[in-house]
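The values are calculated or read from the model by the stated rules, or taken from the named source; none is laboratory data. No experiment lies behind these values; they were computed from the predicted model shown. Heads up, the Cβs are rebuilt from the backbone with ideal geometry, glycines too, and the neighbour counts pull from every protein chain shown. To get the accessible areas, we keep the full protein, side chains included, count just its heavy atoms, and leave off ligands, DNA and RNA. Shrake-Rupley method; radii C 1.70, N 1.55, O 1.52, S 1.80 Å.
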Amino acid sequence: MESLCQLPAAPNTLALSRGLANGRRNLALQARMNNGSAGFSHGKQTVSIQSRSKRCAGIALKATQSPQVELTKEVQLPTLPAKVEEKNERWETLVKEIKEIFRSMNDGETNASAYDTAWVARIPSTEEPSRPHFPQTVDWILKNQLEDGSWGEPTYYLVFDRLICTLSCVLALKTWNVAEDQIEKGLDYLRNHVDEIETASESLITSGFEVAFPSMLNEAKTLGIDLPYDRPSIQKIVQFREKKMSRIPVQVMHSVHTTLLYTLEALQEVVQWDKILKLQSADGSFLSSASSTAAVYMKTGDKKCLEFLQSVLDRFGDNLPCQYPIDLFERIWAVDTIARLGIDHLFKKEIIETLDYVYKYAGKQGVSWGRDNTVPDVDDTCMALRLMRLYGYPVSSDLIEFFRDDDGNFICFPGQTHRGVSDMFNLYRFSQVAFPGEKILKEAESFVETYLKDCVKNNNVDDKWSCKKALGKEVARGLEYPWRRSFPRLDAREYLEHYGDSDVWLAKTIYLIYNVTNPKYLQLAKLEFNRLQAIYKKETNSIADWWNSYGLEAASLSPEQLHFAIASTLSEPEFATSRIAYTKFNSIENVLVDLFYKHESTEDLKLLCQAVEEWNPSLALSLPAQLKTTFNVLYETLNELAGEASKVQGKDVFPYFHELRKKQMEVYMKLRETKLGGQSVENSLKEYIDLGKSELGVAVRLLPSVFLMGERLKDLDLLCLNEKSRLQDQLSEFLRLYIDVQMHNNSRVPDGNNAVALSMKESNCTAEEALCHVEAKMEAAFDELVHESLKPSLVPRSCRRLMFEHARITQFFLHDDFTSPAHMQKIAEAMQRFYTPVPVGSA
């Protein structure tokens with residue numbers, strides 16, 4: 001078969017011909033398949049290599065690494081409940097139902113707003129002004145008063161929601177002089193509960209409450225309705241409204257689109273109705289608000305306003321939501337929800353179709369909750385931009401410049417001063433996927449990270465825009481494990497507990513988005529977590545059998561830890577073979593690094609290199625036991641995985657694998673001779689980084705696994721992934737600098753041979769200044785890595801993704817004081833969580 005790319009000829013003249021190497025490799029593969037032994041002819045010598053199972057018969061099968069983890073032949077992981085199968089009927093049903101949810105998304109599935117419905121109920125008929133134009137809305141009010149006399153969202157109690165909805169409904173019924181008993185029950189509720197606003201969290205106040213509620217109180221007072229207007233709680237909020245009204249920029253309000261358009265019903269004394277019509281949205285609404293649009297209609301008689309309200313009622317029958325359409329909001333949050341729950345890989349087609357829609361309607365200044373909205377917000381904008389960037393859409397971070405205040409800090413809407421936790425958290429999440437040169441995202445990250453840490457520290461996590469089950473815990477985890485060094489499957493495991501399938505959002509009233517807060521997502525996520533866990537358990541046991549069969553001791557990280565890491569990041573079922581290859585190649589590489597550093601005899605290592613160069617088992621026979629075993633595991637594993645990769649690629653990939661192996665052995669040997677052979681070399685920082693990049697062996701650790709990801713690679717793909725590519729170069733540079741920074745921070749710098757030490761020497765600066773310089777270079781390399789991984793490219797995304805996941809894995813294991821018992825315990829606890837099935841419950 002033709003090789004995938006042109007490889008340089010082997011430099012050693014003793015190397016066997018490719019045909020002989022291929023023949024021997026095929027015999028070795030056949031021997032393993034037969035579980036017997038095979039003879040290989042090498043010159044006049046015949047060598048018998050026992051099969052793995054026979055050779056293992058007399059070997060104690062045990063390998064250890066750190067004190068935290070011991071790997072036995074059969075890794076003991078928690079057993080899944082018997083009822084949880086790889087693919088059960090409930091799993092299949094949920095997948096179909098969620099696919100249908102995405103396919104049927106239109107303008108948004110949401111709940112009724114008593115406040116907005118009541119405003120529309122006030123509209124008089126165009127034919128008979130003494131009657132309501134939409135009598136069905138009055139009927140809805142009559143049917144939906146709650147037992148305590150209030151109106152509002154029945155599933156969640158929030159005093160601001162209940163007060164504003166109740167007063168709005170009372171005024172609507174009073175408009176038509178109907179249902180006196182129900183009016184009185186509503187008034188009783190207001191009298192008995194209005195003081196609750198004194199003790200309620202200010203962070204949970206509904207949007208515009210401080211303006212709209214006092215405005216309606218004034219209206220009620222004019223109508224002679226008996227309410228305790230002099231009560232301190234009411235006086236306080238009335239005074240607050242007066243202050244706010246005095247600061248409204250009336251000229252701006254009538255000239256540009258602002259959030260003031262959302263609450264025009266509460267600003268009637270300052271609105272110039274003829275001018276405000278110029279700011280009407282394309283669908284006839286004012287920022288998708290039924291109440292605001294109703295107020296404009298009753299003042300102007302504008303037909304487009306009435307047509308908008310009619311269209312919403314045609315959709316919902318007898319009630320109206322607090323904002324509609326919410327087509328962009330629904331789609332963005334639905335995609336984010338299933339991604340955070342770890343089930344997005346089941347809905348790839350649906351996600352792309354959904355994001356295509358969002359991309360189509362994203363505005364020049366950002367993204368809002370509805371396609372016709374003229375005022376974007378930082379929450380929707382950052383969520384949309386982050387998701388689209390993660391899925392390869394070309395988007396710019398320049399849009400968030402629109403959300404800076406006069407001090408250069410970030411807010412949700414232009415002109416606002418109060419920040420929410422959730423909107424700032426989504427800005428933080430977007431800042432994690434910064435590309436090179438995106439200064440604004442770096443500035444945003446610095447600002448919101450400080451803001452969010454302060455919120456968590458002071459337990460000030462009540463949000464302006466939502467009431468969520470565990471927002472504080474979500475934010476705390478996001479800060480501790482930012483996207484750049486997080487493990488998605490571990491994040492999903494935590495989000496299974498943080499996700500609230502009955503969470504609510506806050507606008508003028510409480511609203512729900514049924515396609516975002518949906519119990520079906522949670523049910524499927526639990527089933528899928530356990531299903532994937534069963535797959536990972538089989539892989540881990542297979543790797544344990546492989547590792548223990550050779551009797552090697554793990555260096556630094558055990559195969560179990562490595563598999564846990566790659567399964568936590570490259571988690572989809574179809575990547576099982578690639579995960580196993582990653583684990584095996586990295587386990588072998590860690591052993592080789594340790595050998596070249598610690599083994600006493602340089603001559604033994606040279607012979608090992610020659611055996612690899614010629615791919616000749618006979619040369620390894622005279623090596624010490626540990627080196628001989630290392631060659632055997634390397635030889636058999638590379639042959640086996642090259643054979644599997646060749647089937648995937650439809651070409652012989654062994655020459656490529658072998659060449660990677662030879663090159664890396666040469667690197668190790670050269671390092672051995674210079675570092676441990678008494679040679680002293682003075683390197684510049686750049687030279688040190690370049691040498692350090694080759695020492696890491698990124699190519700041999702990762703590229704063989706790339707061949708097993710299911711994509712057939714072309715020569716161009718390999719050029720974009722090899723050691724000369726920008727992707728691998730930036731990964732290697734980041735890893736080299738990250739390791740050095742961590743070593744410096746933990747006072748583990750050998751003989752000053754470290755990027756920080758060299759930077760101090762070159763620049764004649766302090767350790768702190770040198771550390772900042774190296775960290776800046778490290779961050780720049782990581783930004784490049786993110787860009788290369790996520791940008792639109794002809795190279796398969798999955799292949800580029802493996803490079804990025806390797807960076808995540810390194811950071812996970814080396815973060816903080818990586819040698820401390822506390823860090824080791826954190827890793828052990830993470831693995832325990834990863835391998836513990838989640839309770840499925842009623843799913």
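Below is a table of values for the structure above.
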read-out: Filter result for the condition that a residue is over 21 Å from residue 420 (Cα atoms) and among the small types (Gly, Ala, Ser), over 201, 246; value: 246
read-out: Checking residue 463 against (1) touching a Gly at 6+ places or on another chain (Cβ under 8 Å); (2) more than 20 Å from residue 427 (Cα to Cα); (3) not aliphatic (A, V, I, L, M), the condition it does not meet; value: (2)
read-out: Those residues of the stretch 411-426 which are within 22 Å of residue 336 (Cα to Cα) and out of contact with any Asp or Glu (no Cβ under 8 Å at 6 or more places or on another chain), in sequence order; value: 419, 424
read-out: Matching residues in the stretch 752-764 - criterion: being open to solvent by 50 Å² or more (accessible area, probe 1.4 Å) and either part of a helix (DSSP H, G or I) or among the acidic types (Asp, Glu) (or both); value: 760, 761, 762, 763
read-out: Test: residue 729 is among the charged types (D, E, K, R), open to solvent by less than 60 Å² (accessible area, probe 1.4 Å) and in contact with a Pro (Cβ under 8 Å, 6 or more places away or on another chain); value: no
read-out: Per-region count, the stretch 673-707, residues of a type in the set (S, T, N, Q), exposed (fewer than 14 other Cβ atoms within 10 Å of the Cβ) and modelled with pLDDT of 90 or more; value: 0
read-out: Residue match in the stretch 227-239 (condition: touching a helix residue (DSSP H, G or I) at 6+ places or on another chain (Cβ under 8 Å), in a loop (DSSP other than H, G, I, E, B) and open to solvent by less than 20 Å² (accessible area, probe 1.4 Å)); value: yes
read-out: Test result for residue 527, at pLDDT 95 or above and either under 30 Å from residue 323 (Cβ atoms) or touching a strand residue (DSSP E or B) at 6+ places or on another chain (Cβ under 7 Å) (or both); value: no
read-out: Whichever residue in the stretch 769-788 is open to solvent by 10 Å² or more (accessible area, probe 1.4 Å) and among the small types (Gly, Ala, Ser) and, among such residues, is farthest from residue 436 (Cα to Cα); value: 776
read-out: Helices (runs of 4 or more DSSP H) contained in the stretch 41-135 and holding at least 1 residues more than 30 Å from the chain's Cα centre (by Cα) and modelled with pLDDT under 50; value: 52-55
read-out: Filtered residues of the stretch 590-623 (kept if without any contact (Cβ under 8 Å) to a residue 24 or more places away in the chain and not in a helix (DSSP H, G or I)); value: 600, 601, 622, 623
read-out: Test for residue 422: is it in contact with a helix residue (DSSP H, G or I) (Cβ under 8 Å, 6 or more places away or on another chain), among the small types (Gly, Ala, Ser), open to solvent by 10 Å² or more (accessible area, probe 1.4 Å) and not in a loop (DSSP other than H, G, I, E, B); value: yes
read-out: Qualifying residue in the stretch 789-798 (condition: in contact (Cβ under 8 Å) with a residue 24 or more places away in the chain, part of a loop (DSSP other than H, G, I, E, B), open to solvent by 60 Å² or more (accessible area, probe 1.4 Å) and farther than 21 Å from residue 483 by Cβ); value: yes
read-out: Count of residues meeting criterion [open to solvent by 70 Å² or more (accessible area, probe 1.4 Å) and not in a helix (DSSP H, G or I)] in the stretch 812-833; value: 1
read-out: Helices (runs of 4 or more DSSP H) within the stretch 265-378 that include 1 or more residues at pLDDT below 95 and either more than 34 Å from the chain's Cα centre (by Cα) or at positive phi (or both); value: 273-276
read-out: Positions within the stretch 281-335 being surrounded by fewer than 24 Cβ atoms within 10 Å (Cβ to Cβ), of a type in the set (D, E, K, R) and touching a helix residue (DSSP H, G or I) at 6+ places or on another chain (Cβ under 7 Å), in sequence order; value: 283, 299, 302, 318
read-out: Criterion (outside any loop (DSSP other than H, G, I, E, B), among the small types (Gly, Ala, Ser), farther than 27 Å from residue 529 by Cβ and open to solvent by less than 10 Å² (accessible area, probe 1.4 Å)) met by exactly one of 434, 444, 492; value: 444
read-out: Checklist (1) over 17 Å from residue 795 (Cβ atoms); (2) under 24 Å from the mean Cα position of the chain (by Cα); (3) open to solvent by 10 Å² or more (accessible area, probe 1.4 Å) applied to residue 710, failing item; value: (1)
read-out: Lone qualifier among 758, 727, 721 - being over 31 Å from the mean Cα position of the chain (by Cα), more than 15 Å from residue 814 (Cβ to Cβ) and at pLDDT below 95; value: 758
read-out: Qualifying residues in the stretch 640-674 (those that are free of Cβ contacts under 8 Å to residues at least 24 places away in the same chain and more than 36 Å from the chain's Cα centre (by Cα)) - the one nearest to residue 585 (Cα to Cα); value: 670
read-out: Test: residue in the stretch 153-168 that is in a helix (DSSP H, G or I), farther than 19 Å from residue 505 by Cβ and touching a strand residue (DSSP E or B) at 6+ places or on another chain (Cβ under 7 Å); value: no
read-out: Filter result (β-branched (Val, Ile, Thr) and in a loop (DSSP other than H, G, I, E, B)) within the stretch 510-563; value: 516, 517
